[in-house]
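The values are calculated or read from the model by the stated rules, or taken from the named source; none is laboratory data. It should be emphasised that the depicted structure is a prediction, and the values quoted were computed from it without experimental measurement. Glycine also receives a Cβ, built like all others from the backbone with ideal geometry; neighbour counts cover every protein chain displayed.
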Amino acid sequence: MKSEEVKLPHSQSASVTQSMAPKIRVDLTPNKGRGVFALCEIKVGESIEEAPVVTIPENQVAQVDATALGDYCFLWGENLNELALLLGLCSVCNHSYQPNAEFVLHLDRQTIEFVALRDIGIGEEVTTNYNGDPESQKPVWFIPGI
């Protein structure tokens, strides 16, 4: 897969690595609505997607949590007292207690990166543990699979 460095306009030092071929797609999945699926083999430790976020300050968290967008936000900030709305395909990754990917918050870059925890096959759904810890068995705020 070919990558190239892209210099962003109006930025003094920012650069991103942009994949020339997508690794994932969004599609319908039974009992879950939408999901994210691999378009190619993804190896353990490989970055699946790194996408920008819109940050929501602490004083607006309650208002956003009261909307449908609240279900798509990540806890954010050094004290996890803010929210971040992910602007990438992985924003619709489904939850699993046996995930094949984890997410990494990059506060300095204002991005969230999804990284493979194991090899992911072509057509396989990419899942993550919404609790942030791939091994967490803590209940989530909804009934998985419904």
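Tabulated data for the structure shown
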read-out	value
Selection status of A38, farther than 18 Å from L105 by Cα, at pLDDT below 95 and under 20 Å from the mean Cα position of the chain (by Cα)	no
Matching residues in the stretch 80-101 - criterion: being in contact with a strand residue (DSSP E or B) (Cβ under 6 Å, 6 or more places away or on another chain) and not in a loop (DSSP other than H, G, I, E, B)	E82, L83, A84, L85, L86, L89, C90, V92, N94, A101
Condition broken by V104, with the remaining ones in (1) in a loop (DSSP other than H, G, I, E, B); (2) under 14 Å from the mean Cα position of the chain (by Cα) satisfied	(1)
Qualifying position, being surrounded by 13 or more Cβ atoms within 10 Å (Cβ to Cβ), within 24 Å of P30 (Cα to Cα), touching a residue at least 60 places away in the same chain (Cβ under 8 Å) and not acidic (D, E), among N100, N94	N94
Members of the stretch 65-90 that are more than 20 Å from E41 (Cα to Cα), surrounded by 17 or more Cβ atoms within 10 Å (Cβ to Cβ) and within 15 Å of the chain's Cα centre (by Cα)	C73, F74, W76, L83, A84, L85, L86
